[in-house]
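The values are calculated or read from the model by the stated rules, or taken from the named source; none is laboratory data. All of these numbers come straight from a predicted model, not from anything done at the bench. Note: ideal-geometry Cβ built from the backbone for every residue, glycine included; neighbour counts use all protein chains shown.
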Amino acid sequence: MSSEVVVCPQCATNLQNSADIAGQIVACPQCQTQLQLPPLTKPADGSQLPLPPALPPAIELPPLVQPEAPSGSNSATLGSSFESRQRAASAADRLRRRSNPLLIVFVVAVVLVLIVVGTIGVRWDQAQKEKKQFTQQMVGNWDLVPGQAELERWDFAFHDDGNLQMALGNALSEGHWKVTSVRQQTGHVLIAWPDDAPETMRVTFESGTMRVDLDSVGNFVFRAAVP
């Protein structure tokens, strides 16, 4: 039987190529490199090439085994996980496509407007409470503290229904009053007279007394009238 020598291109080991394995893919017994043996060529004189001593026989590789696909619950779980990731990626992509910078700016503007309106509402409520407390503090009869003016009488009567009575000497005047604003301990009270222009009275409470400042009269201190 004719044979030839094939040199492994990886480790230079000599392999014996014989007629029964010529043209097949074999593995190098030394380094396991796969190589295809060439077909045998006969010498011109018909003689066979001498065989090298102690050549190892060629080793045939077993056929490749294709990995089996997972079956049962594992396969279903993997498929479900893959579909879930695909749905999540699709939802995120749709969200990115639907994102509108103008919409974001509009939402931010609406939030800021709501914050401003809420702040104004809280301050307005606080101002209303302060005016109500100041109004309740003014309701009643007040007499001029003696020693401030050469007056026989100067009294105020602030009623909770908004009516006002002022006795200055022997003259009695009636009108309406309303607390318009309060800042710290001072309140601004609008006095409306029937036959005269309205005027603003600045009122400050100090140690149980009421200080009244009127541009037309001046600054005077009153005390609660003794019942």
task = Would you mention how many residues in region 134-182 are closer than 16 Å to F205 by Cα, without any contact (Cβ under 8 Å) to a residue 60 or more places away in the chain, polar (S, T, N, Q) and surrounded by 13 or more Cβ atoms within 10 Å (Cβ to Cβ)?
result = 2
inquiry  = Filter region 181-203 down to the residues that are in contact with a Gly (Cβ under 8 Å, 6 or more places away or on another chain) and polar (S, T, N, Q) and list them by number.
reply    = S181
ask   = Of (1) within 20 Å of Q137 (Cβ to Cβ); (2) within 52 Å of the chain's Cα centre (by Cα), R223 satisfies all except one. Which?
value = (2)
ask   = Which one of these is in contact with a strand residue (DSSP E or B) (Cβ under 9 Å, 6 or more places away or on another chain), in the same structural domain as D213 (by TED's automatic domain parsing) and at pLDDT below 90: A157, A149, A171?
value = A149
message = For region 183-212: of the residues being farther than 18 Å from A127 by Cα and surrounded by 15 or more Cβ atoms within 10 Å (Cβ to Cβ), which is nearest to the chain's Cα centre (by Cα)?
response = M201
